[in-house]
Structures are given as structure tokens and as C-alpha cells.
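The values are calculated or read from the model by the stated rules, or taken from the named source; none is laboratory data. Source: prediction; values computed, not measured. Here the Cβ is made from the backbone with ideal geometry for all residues, glycine too, and neighbour counts use every protein chain on show. Remember, those area values only see protein heavy atoms, side chains included, never the ligands or the DNA or RNA. Shrake-Rupley method; radii C 1.70, N 1.55, O 1.52, S 1.80 Å.
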Amino acid sequence: MKRVLLLATTTGYQLRSFGDAARAAGATLTLATDRCDQLEDPWSDRAIAVRFGVEPDAVAAAVAACARARPDGVVAVGDRPAVLAAHLTAALGLEGNPAAAATRSRNKLQAREALRSAGLPTPEFEAVSLHDDPVRLAGHAAFPAVLKPLALSGSRGVIRVNDAAEFIEAFGRLRTLMMSPDIRIERDAAHDAALIESFVAGDEFAVEGALTRGDFQPFAIFDKPDPLEGPFFEESIYLTPSRQPAPVQEAIVSAVARAARALGLRHGPIHAECRVNASGVYVLEVAARPIGGLCARALRFERESGPAGLVSFEEVLLRHALGEDVRPYRREPAASGVMMIPIPQRGVFRGVDGVEAARRVANVDDVRITAKVDTLLVPLPEGHSYLGFIFAHGGDATAVERALREAHAQLRFLIEREVPFVQSG
């Protein structure tokens, strides 16, 4: 029985899905997570404790620990795990991405430079230190512009600004975020800088696919029907198949394939984001990992031949990591979609009503509330999570979108205002 090594954070939503997928694929799954290495198997899953840093000592320790598992393939869920996975596959002699390419794909400055050098449409951009004077920077910025951190994901820290006053306020907000403990603990030099980009108008799309020794196989194009104009860029609905004309879809797939080559990626799943306008396709990022969290449930596959039935996206990823040809797998005929339920306001989450009513909406598969009661909810740009997810399938993308919006309208979230803690004395 072949063994797959899965690199993921301890808080990852997909761990159970990958366990089910491994059983379906007839493989053994070994977890490598960023848990404390001083605890004796606290979740009883015999996972390997690793650090997702790329310092030589962290990589050497991870290679030594993971080599004992003798994996036949590696899958990474998340941006930081994807970089470590590239180091591991190289050290273990397995198929994967070059470490430099995985690093480049995660760093927005390095990615922009690579895409521009390849001749792909790219917004104007400039990297600045977070210790620079925002008043001086605002004085020569071209508006509208977008401020963004170099190495955070999920639109965290990304802010559109339309004039100097908004720039100065947003720069201070971004600097405060980047000094927060959960970011500083990563000890990543990229977190000391920011990118200033010209704002790219247009419709936004996500592309899911896989590279096999440099050849790109697209799995799905997701439409994002809600306009992402700023000031923050919280994603909500993903729909597939795309409702764009075939020439637009072909242009998107071609641009993503070119961008992946420009970054040096060659083997493994990729998740790309792009915008399309009259000037062409602007690839915003190509991550060396699959779509994050529970959103993967929006993708199910059929085999062109062999046993009937739907196959999960996780199973396709595991089979690809083990060297199986996944070209016979095609996304199911039905349209599908997911809503990442946005956080409407900062506050303490006390509960939600209407979940069962939302589940009863036609074409809705499930409603999953992932926010924990009594925890503090933080919306973008500082936050990095959602209230939960709604999943739907239907005859076409329009029916799926209607179901997602109707289900969301059934939900009533109770969020209490945060009470500041004041220390006496």
C-alpha cells in the first residue's frame, strides 16, 4: 500500500476529507502538521510534528522526521506547507516543485517580477518597507492603488485606496496587522514589506488545476459573481462551470499555464486567481497548492472509464501525488458552488439561527458553520476566516447561485459587540 504525506496546519478543515480519500484510493495517509513536538500524540493520529519555516534547521529537521515515514508522494494544503513540501520532495527524490518556485509563488513581489519578465499583463507595482513614511509614499502614488502584504493569503491585509488620505490610513492599518504576534511568529522577512499596485478593474475568477511535470491540466474555472472593487476584497461565492464565453475561458486557462511556467512551478496542484478586462487576463497569483479549506467540496469528479460514481477532489490530488495519471478525471456534469459566509462585523459570536431552513433550500447540499461560539470574529482586512460555508449543486450555475443566496438569507447571526479589557491598577 502506497503512502502519502500530507502537510497541513492543525486547524485545517480538510484533514478528515483526505483521510476518507486515502481509504478510497487504497493508500495510507501520514500527517505532518505544525503541532507542538513536546506533546505525546495529543490527537491520537500519529502525526509528524514539523515547523513550516524554511530556515535550514527547520527544513533539515522536517526532512529527517518525514523520511522515516517513507512516503511515495507529498501533498501540501496551505501556502507555508507548500514551500516546505517543495523542500521535502527534492530531498526525498519525489516529484514536486522546485523550492525556489514554491517560494516565488508565495511572495507577491517575486511573483510580480516573474510574470512581468514573462510578458504577462501585470499591474504597476512597487515594494516598500513598512517602516517607510506613508505621507511621503502617498505623495507619489498613482490612484486608485492597492496595498497588500507580500506573503499573506486569502486577501488578508489587502486594501484599495483612492487618495492620499486613504493611503496613509490604510498603510498604518497594514503596518499594525503585520506587527501582530500571529504573523511575527513566522519570522518571515517578507512580512516587513508591502506591495503598492495599481488597481486592476474587471471580473475575477479562480482556476483549479494540476501540473504534471510541467503540463497543466485545468480542473475548473470558478466565476466570482460578487464584484470585488474594494476597499477590502473578501471573497464569497465561487461558481463552476464558468458562464463566460469559451474564448474567455480559453484565455484564462492559457494565461494561468503561462504564469505557472513563469514562476517555475512544474508538478502538483495549483490554485490561481485572475482578473479579466478589455486589456486581457491579469493573473494575480498562482499558489502551489489546491483550493483551501472546505471549498474543495465544491469539486467532484467522474472517471472517463472504470467504476461509476463521484470522486472527491482530495482523492484526485492523492492519486496525482502517487504518480497516477489523472487526465481521465473530469469534473461532474452538474453545476456547483460554495459560499464562504463573510463576517459582517467585529464582535463575539454567540450563535446562529436558520441553519435547518437554509439546508432545506432547493439545490443546497449542506450548510457548515465553522465559527466557534464565544470566540471573537474579525472581518477583513485583519481577519483570516469565515463564519462557515454553504454548498450547492444544480442544473446550471445560475440556479446554484440563486440557492446559495437564498440559503444565506435564512441565516441570522448573533454577534455581540466586543467589550474592551481594561486592566486595573
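Under a Cβ-only charge scheme (Lys and Arg +1, Asp and Glu -1), can you give me the dipole magnitude of the chain about the Cα centre, in debye to the nearest 20?
The calculation lands at about 720 debye.
Please work out how much length the chain gains when fully extended from D192 to T176, using 0.36 nm per residue of separation minus the C-alpha to C-alpha distance, in nm with one decimal.
4.6 nm
What lysines could a cross-link reach from K2, if we take a straight Cα to Cα line under 20 Å and drop same-chain neighbours fewer than 8 places away?
none
Quick one: 3J(HN,Hα) in Hz for the range 400-409, Karplus 6.51/-1.76/1.60 with θ = phi - 60°, rounded, Gly and Pro as x.
5, 4, 4, 5, 4, 5, 5, 5, 4, 5
Mind listing the phi-derived Karplus ³J(HN,Hα) values for the range 95-107, rounded to whole Hz, using 6.51, -1.76 and 1.60 with θ = phi - 60°, and x for any glycine or proline?
Running phi through 6.51 cos²θ - 1.76 cosθ + 1.60 with θ = phi - 60° gives 5, x, 8, x, 4, 5, 5, 4, 5, 4, 5, 7, 9 Hz.
Net charge within 10 Å of P290 by Cβ-Cβ distance, Lys/Arg positive one each and Asp/Glu negative one each, not counting P290 itself?
Every neighbour counted, the sum reads -1.
Of the peptides 52-58, 19-25, 335-341, how do they stack up when ordered by the mean number of other Cβ atoms within 10 Å, highest first?
For the peptides 52-58, 19-25, 335-341, the packing ranking is 335-341, 19-25, 52-58.
Taking a 1.4 Å probe, which of K108, K372 shows the most accessible area, and what order do the others take after it?
The ranking, largest first, comes out as K372, K108.
So how do E382, E314, E113 rank on accessible area, 1.4 Å probe, biggest first, that is with the largest at the start?
Putting E382, E314, E113 in descending order of accessible area: E113, E382, E314.
Expressed as a whole number of Å, what is the distance separating the alpha-carbon centroids of the range 127-165 and the range 192-266?
Rounded to whole Å, the Cα centres lie 22 Å apart.
Between E250 and E124, how many nm apart are label points set 7 Å from Cα along the C-beta direction?
Computed distance between label sites E250 and E124 equals 3.4 nm.
Using a 10 Å cut-off on Cβ atoms, rank the peptides 59-67, 154-162 from the highest mean neighbour count down. Walk me through the numbers before you get to the answer.
Working: 59-67: 16.6, 154-162: 20.7.
Put in order of decreasing packing, that is 154-162, 59-67.
Show me the chymotrypsin sites (Phe, Trp or Tyr not before Pro) within the range 349-425 that DSSP assigns to loop and that have at most 12 other Cβ atoms within 10 Å of their Cβ.
In loop regions of the range 349-425 (DSSP not H, G, I, E or B), the sparsely surrounded chymotrypsin sites (Phe, Trp or Tyr not before Pro) are F421.
Using a 1.4 Å probe and counting only protein heavy atoms, arrange L414, L263 so the residue with the most accessible area comes first.
Numbers: L414 95, L263 0 Å².
Descending order: L414, L263.
In terms of modelled amide H atoms, which long-range or inter-chain residues lie less than 5 Å from the amide H of V74?
Those qualifying (amide H under 5 Å, at least 5 residues apart or on another chain) are L5.
Given a 1.4 angstrom probe, what's the average accessible area per residue across the chain, in square angstrom?
Heavy-atom accessible area per residue stands at 45 Å².
Round to the nearest 10 and report in Å² the accessible area of H140, as given by a 1.4 Å probe over the protein chains' heavy atoms.
100 Å²
For the range 320-413, what's the radius of gyration and Dmax over Cα atoms, in angstrom?
Spelled out, the Cα radius of gyration and Dmax of the range 320-413 are 16.3, 47 Å.
Just want the answer: with Cβ charges of +1 for Lys and Arg and -1 for Asp and Glu, which residue in I237, A287, A8 is farthest toward the dipole's positive end in the chain?
Positive-most Cα among the choices belongs to A8.
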